Amino acid sequence: MKCRISYTFLAAVLAAFATSAGCDAGQPEAGTSRPEGLQAARVLFLHHSTGECIWNGGVPAWFETYNAAHGTRYAITEQAFPKDSPYGWENYPYDYWNIWVKNAGPRPHKDEPTLEMLAPRYDVIILKHCFPVSSVEADTGNPDVASSEKRLENYKLQYEALKKKFREFPRVRFVVWTAAALRRSETDAESARRVRAFVEWVRDTWDEKGDNIFLWDFNALETDGGLYLKDAYAAGDSHPNETFSRRVAPHFSQRVVDVIEGRGDTASILGKAGTPPDIAPPDPPKPPPSAPAIPPTPGSPKPAVEPAQKTPAAAPKTHALPADATATVILFDYCGGMLKPQNDDPLMVIRADGSVTLETWGRGNLGTLPMFSETRNTKFGKPVGPGPVEI
């Protein structure tokens, strides 16, 4: 049953004694129920970069405020799962199945913890996939639970196996994000419709009331119920931008609290009652209607019409370049996404003399490609030296 279960009277007395003795009774062993009034829970959030965007949107501060206002002790922590090395920066249905089902047990798989290791330490475990999960290919008609190919037929087998595994830990509550979406420019309509079918299957068929598994419908918030991540919510690629992240972080946090407090089956899976919030900026106000023209009195002279005044064009802004020709003028860096940063070097450096240094790296099916650095002098048409430059 998805509900909060109270300790027996004896357990409450023992917990109170532990508190008076200096023990941290606010961090109960996972798998035990919590005494009424103590209201403590340990929450683990497993994610990559998309999850980090939402986390940085204000999740820790939200929980601090909630705990202070309600006298609760909900401790939420986050970690990258799985790590870039040795397992690899992959957190799709296959990977959770591979680590938690195929390689289940008391020992880690490629340095990643199994559920047998996590369940005794946490009351709530939250998992998600990064947006490449939405690059779904057509089914082959031969589903394979052990296949890492992103196909709806494989996803369903892997999710069914995960559900069975989650139910082996009935005192731990699992919160699963629906699939992070892609922008229209980064996918195609066929793939987007397959993702929509997967999300609907997860929401309407896979998730069942009365067990220990719950959803947060992140996909609905990103797409407003459509097929694609809305451009207004994107940070250039298919990562959510800061504005969107700040607005949905409270919904994510509220959803976790609803699950902790026994409302997982009755509260909104958006983390907020009703329809998804209006995240897009409001339309600009319409100008007031102009007053109707007053016809001139017959025989009166026509009013003089002043010629329209042209607004003078703004002068271009100028900035003086540093006298040192090797000084950095513009720097582009990479903070993480589908791949983790491979070193601390910036991706692009433009110097005062017009030279550009590029750091290029990537990952293909054969693993990480070697990094190389290349410097070219663009000259911008002419050699550029100290002095003002139009931008």
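In the stretch 94-206, a dipole from Cβ-located charges (positive for Lys and Arg, negative for Asp and Glu) runs towards its positive end, and of 141, 117, 100 it is 117 whose Cα lies farthest in that direction. Pair-distance distribution P(r) for the stretch 143-247, from all Cα-Cα distances in 10 Å bins starting at 0: 14, 40, 33, 13, 0 percent. Computed over the alpha carbons of the stretch 19-260, Rg followed by Dmax gives 18.0, 62 Å.
Say the cut-off is 32 Å between C-alpha atoms; which of 110/150; 164/230; 102/209; 110/230; 83/165 go over it? Show your work: numbers first, answer last.
Working: 110/150 22 Å; 164/230 34 Å; 102/209 26 Å; 110/230 36 Å; 83/165 22 Å.
Table pairs above 32 Å Cα-Cα are 164/230; 110/230.
Where a number appears in this text, it was derived from the coordinates with a stated rule and is not lab data. Here the structure is a predicted model, which means the values were calculated and not measured. Positions of Cβ are backbone-derived with ideal geometry, glycine not excepted, and every protein chain shown enters the neighbour counts.
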